[in-house]
1. Return the pairs, sorted by first residue and then second, in which the second residue is at pLDDT 95 or above and among the polar types (S, T, N, Q), the first residue lies in region 151-165 and is in a helix (DSSP H, G or I), the beta carbons are less than 8 Å apart, and the residues are 6+ apart or on different chains.
2. Considering only region 1-97, give the strands (runs of 3 or more DSSP E) lying wholly within it that have at least 1 residues that are among the polar types (S, T, N, Q).
3. Kindly indicate whether residue 176 is over 26 Å from residue 56 (Cβ atoms) and in contact with a Pro (Cβ under 8 Å, 6 or more places away or on another chain).
4. Within region 94-113, track down each residue that is more than 12 Å from residue 13 (Cα to Cα) and in contact with an Asp or Glu (Cβ under 9 Å, 6 or more places away or on another chain).
5. Looking only at region 88-98, decide whether some residue is under 14 Å from the mean Cα position of the chain (by Cα), more than 15 Å from ligand 2 (Cβ to nearest atom) and modelled with pLDDT of 95 or more.
6. If you check residue 60 against the conditions, is it more than 14 Å from ligand 1 (Cβ to nearest atom), within 15 Å of the chain's Cα centre (by Cα) and buried (at least 20 other Cβ atoms within 10 Å of the Cβ)?
7. So which residues in region 1-25 are more than 18 Å from residue 86 (Cα to Cα) and either without any contact (Cβ under 8 Å) to a residue 40 or more places away in the chain or of a type in the set (A, V, I, L, M, F, W, C) (or both), if there are any at all?
8. I'd like to verify a number: residues in region 22-38 that are out of contact with any helix residue (DSSP H, G or I) (no Cβ under 8 Å at 6 or more places or on another chain) and either near ligand 1 (Cβ under 7 Å from one of its atoms) or aliphatic (A, V, I, L, M) (or both), how many?
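The values are calculated or read from the model by the stated rules, or taken from the named source; none is laboratory data. The model shown is predicted, which means the values in this text are computed figures rather than measured ones. As a convention, Cβ positions derive from the backbone with ideal geometry for all residues, glycine included, and neighbour counts pool all protein chains shown.
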Amino acid sequence: FSEKEVSVIFVLGGPGAGKGTQCANLVKDHHFVHLSAGDLLRAEQNREGSKYGEMIKHYIREGQIVPQEVTVALLQQAIQENYDKGNKKFLVDGFPRKMDQALTFEAQIVPSKFTLFFDCPEKIMLKRLLERGRTSGRSDDNAESIKKRFATFLDTSMPVVKHFEKQDKVVTVSCDDSVEKVYDQVKAAIKDKIG
Ligand code: UP5
Ligand code: MG
């Protein structure tokens, strides 16, 4: 795709920072298509006949990054399907969280417009995830997996944010506030970047 055909905003931030919650808000008000890489991977994990099911399950529980081939292919397919239905604006949530994914996506699919980065103290993310874990049924919402997800985020995903910062393509939102207050910052960022 060219950047005229499709616009992609990457939504990054630590586990439990509120990426999914704020993307849902943007979908309501701005008609973005919301593609969560984690949701796509969980759907693939549960899809009957998927040859990647067991592998995905393992990586998610261990808080590690699934090999990029799988995730990039799922995103490419989802973008294509939505594009065929006339959609052009995408929020790509929880991706790219490793440098190789960032480079491959931008080379093979489309360069991102910018990255919305949710900055959140670990203590707050931990509290949110443990709370959600009581009912989410997610295999990685437990203390042990959360610790691993935090480590992966710092070691593997923050370099991606730094990479885009060097290109001046990051808008940082502080998420240590109510959903509404955080959304005010998100709306301002979107308005500033794309009007
Ligand atoms: N909440 C949200 N905002 C709040 C606020 N302002 N005040 C109070 N509470 C707030 O929110 C988390 C919880 O906090 C919810 O209960 C919410 O109500 C509350 P949510 O919006 O779900 O946060 P989000 O940042 O989306 O957290 P999530 O757990 O989804 O983040 P992760 O990045 O860890 O999960 P994801 O699904 O993206 O990835 C899961 C795993 O998939 C990864 O660990 C990895 O193993 C794998 N993966 C890959 O391998 N490759 C990829 O490219 C992507 C994922
Ligand atoms: Mg999420």
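1. 152/64; 160/101; 161/115; 164/112; 164/115
2. Passing ranges, in order: 7-13, 33-36.
3. It is true that residue 176 is over 26 Å from residue 56 (Cβ atoms) and in contact with a Pro (Cβ under 8 Å, 6 or more places away or on another chain).
4. Passing the criteria: 104, 110, 111, 112, 113.
5. Within region 88-98, one or more residues are under 14 Å from the mean Cα position of the chain (by Cα), more than 15 Å from ligand 2 (Cβ to nearest atom) and modelled with pLDDT of 95 or more.
6. Considered against the rule, which asks whether it is more than 14 Å from ligand 1 (Cβ to nearest atom), within 15 Å of the chain's Cα centre (by Cα) and buried (at least 20 other Cβ atoms within 10 Å of the Cβ), residue 60 comes out as no.
7. Across region 1-25, the qualifying residues are 10, 11, 12, 17, 23, 24.
8. 2
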